[in-house]
Amino acid sequence: MSGRKVRGAGAKPAPRTTKKLVDPNQGPWFLNFLLLDTGGPFAWPKPGEPDAVTLLQILQTLNGEMLEQVRARTRESGGAANKFVDLEDLCEEAVERLQPIFARLQQLLEVHADEEVEPFVLELTVCYRRYDPRRIWCLYEPERRCVYPIWWDPKHEVCGNNPAYEGRSPGGQCAPDCPHPPEATSSGSA
């Protein structure tokens, strides 16, 4: 490794134009579950819980595609269904919870203090219907082409409360390419 470390959650993100991206079409991407945050407001469900099983099915479905295809998906409203999000767009509690996660990632990657790794925060939408708030939050480390799921956010709170979702139920039909199993269409669970 050469001159790389995991940037702290309080650090100002570099402009998107300076970030090195690995071409998602160059090969498979990998899932690694070693950074799951099982506490706090965005806790990943415990193994065996219904949401945990469904979330795993969703990630397996998405993992069967190239990352470029996953990122190109759109919601019923036309917006991006799956996207990279800047740290400054996350709520304060999410940024604070990322600090120990970044430290664990640095240990996992055996990154030295003088090295820097800048993972992307990746937001994955569970259902592409309009106003469906459910999200899976991950870190994406492009050099290793690895996605690390970290949070389950059934109420879209990681980016703060979104007024667009308040008092609204998901509308319309699920898109044919929704990644969730057919029985997981309600917004209360995965």
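On the stretch given as the stretch 20-42, residues that are at pLDDT below 60 and among the aliphatic types (A, V, I, L, M) total 2.
For the stretch 107-149, filtering for residues that are within 18 Å of Q69 (Cβ to Cβ) and of a type outside the set (D, E) leaves 14. Before we move on, is V158 at pLDDT 85 or above and part of a loop (DSSP other than H, G, I, E, B)? Considered against the rule, which asks whether it is at pLDDT 85 or above and part of a loop (DSSP other than H, G, I, E, B), V158 comes out as yes. Among the residues of the stretch 171-190, those that are out of contact with any helix residue (DSSP H, G or I) (no Cβ under 7 Å at 6 or more places or on another chain), modelled with pLDDT of 60 or more, part of a loop (DSSP other than H, G, I, E, B) and surrounded by fewer than 19 Cβ atoms within 10 Å (Cβ to Cβ) comprise G172, Q173, C174, A175, P176, D177, P182, E183. Just checking, does the stretch 51-62 include any residue being closer than 15 Å to C138 by Cα, loosely packed, with under 12 Cβ neighbours inside 10 Å and at pLDDT 85 or above? Yes.
For E76, are the conditions met, namely being modelled with pLDDT under 85, of a type outside the set (S, T, N, Q) and either under 18 Å from P179 (Cβ atoms) or assigned to a loop (DSSP other than H, G, I, E, B) (or both)? Judged against the criteria, E76 is a match. Tell me, please, whether a residue that is under 24 Å from R129 (Cβ atoms), among the aliphatic types (A, V, I, L, M) and modelled with pLDDT under 90 can be found in the stretch 94-112. The answer is no, given that none of the residues of the stretch 94-112 is under 24 Å from R129 (Cβ atoms), among the aliphatic types (A, V, I, L, M) and modelled with pLDDT under 90.
Just to verify a result, which residue in the stretch 123-143, among those that are buried (at least 23 other Cβ atoms within 10 Å of the Cβ) and in a loop (DSSP other than H, G, I, E, B), is modelled with the lowest pLDDT? Checking each candidate, the answer is Y128. Checked against the criteria, E65 counts as more than 15 Å from the chain's Cα centre (by Cα), at pLDDT 85 or above, closer than 17 Å to C127 by Cα and in a loop (DSSP other than H, G, I, E, B).
Does E115 qualify as being surrounded by fewer than 19 Cβ atoms within 10 Å (Cβ to Cβ) and either in contact with an Asp or Glu (Cβ under 8 Å, 6 or more places away or on another chain) or farther than 19 Å from D153 by Cα (or both)?
Details: surrounded by fewer than 19 Cβ atoms within 10 Å (Cβ to Cβ): yes; either in contact with an Asp or Glu (Cβ under 8 Å, 6 or more places away or on another chain) or farther than 19 Å from D153 by Cα (or both): yes.
Here the answer is yes, as E115 does meet what is asked.
The values are calculated or read from the model by the stated rules, or taken from the named source; none is laboratory data. Being a predicted model, the structure only gives us computed values, none of them experimental. Note: ideal-geometry Cβ built from the backbone for every residue, glycine included; neighbour counts use all protein chains shown.
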